[in-house]
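In what follows, a structure is listed as structure tokens, so that the remarks can point back to it.
The values are calculated or read from the model by the stated rules, or taken from the named source; none is laboratory data. The model shown is predicted, which means the values in this text are computed figures rather than measured ones. Every residue, glycine as well, gets a Cβ built from its backbone with ideal geometry; the counts of neighbours run over all protein chains shown.
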Amino acid sequence: MKKLSTIRGPCIATAVLLAAAGCTQLPPTSAMAIPPIPAGAARVWFYRDYEPHESLGRPYVRLNEQIAGISEPGGAFYLDVAPNHYYITVDSAGRDFNQVANANLAAGQEAYAKIVSLRSWLDDEDCALWSGCDTFYVWLIPADAARPAIADSPFYGGNWSIRAPLAD
């Protein structure tokens with residue numbers, strides 16, 4: 001029986017650990033202890049269904065044109081924000097109507113922004129070179145429909161501090 005060399009043994013162990021780490025899934029949001037909305041704040045949840053036949057791109061989500069996070073396929077996250085009017089967008093190669101959402105949030109309120117992709121919407125020569133262009137939309141979803149979807153989604157974190165109002 002051959003012994004592993006002192007260099008080769010650690011390399012194999014490292015490769016196994018890296019492979020295992022890549023396969024680890026985040027816990028569902030329902031398994032996390034989500035703190036209540038801080039006094040004087042509002043909360044915006046962002047989520048996206050896992051649709052492997054659609055885009056697996058990870059576009060920025062924006063509140064009032066400032067980056068709020070990254071839309072992960074199948075994932076969910078939230079931000080605690082100051083009460084304000086929010087113009088919610090997601091970066092998109094394709095341009096279409098109804099891609100944005102507007103939310104007026106008062107203290108204690110929650111909004112649920114679902115990120116939706118439509119990979120086949122834009123089909124031109126430049127997109128064909130890159131296997132299609134990703135077109136993303138933001139839809140505000142009622143709480144009773146959004147909460148079960150978010151509960152089953154991998155949790156990508158939350159912001160536990162109140163953000164100052166973002167510029168309109």
* To do: Could you check, for the stretch 68-76, whether at least one of its residues is hydroxyl-bearing (Ser, Thr, Tyr) and modelled with pLDDT of 95 or more?
  => no
* What pairs come up if the first residue lies in the stretch 62-81 and is without any contact (Cβ under 8 Å) to a residue 40 or more places away in the chain and within 21 Å of Ala107 (Cβ to Cβ), the second is surrounded by 18 or more Cβ atoms within 10 Å (Cβ to Cβ) and charged (D, E, K, R), and their beta carbons are under 7 Å apart, counting only those six or more places apart or on different chains? -> Ala68/Arg62
* Just to be sure, is Glu65 among the acidic types (Asp, Glu), at pLDDT 90 or above and exposed (fewer than 12 other Cβ atoms within 10 Å of the Cβ)? -> yes
* Asked: Inside the stretch 98-168, counting only strands (runs of 3 or more DSSP E) that do not spill past its ends, which hold 2 or more residues that are small (Gly, Ala, Ser) and modelled with pLDDT of 80 or more?
  -> 101-105, 110-117, 155-163
* Asked: Within the stretch 90-108, can one find any residue that is closer than 20 Å to Ile150 by Cβ, of a type in the set (Ser, Thr, Tyr) and in contact (Cβ under 8 Å) with a residue 24 or more places away in the chain?
  -> no
* Members of the stretch 21-61 found to be polar (S, T, N, Q) and farther than 29 Å from Ala107 by Cβ, listed by number -> Thr24, Gln25, Ser55
* Could you check how many residues of the stretch 46-82 are over 8 Å from the mean Cα position of the chain (by Cα) and on the phi > 0 side of the Ramachandran plot? => 2
* Structure fact -> Residue count, the stretch 73-91, condition in a loop (DSSP other than H, G, I, E, B) and surrounded by fewer than 22 Cβ atoms within 10 Å (Cβ to Cβ), comes to 5
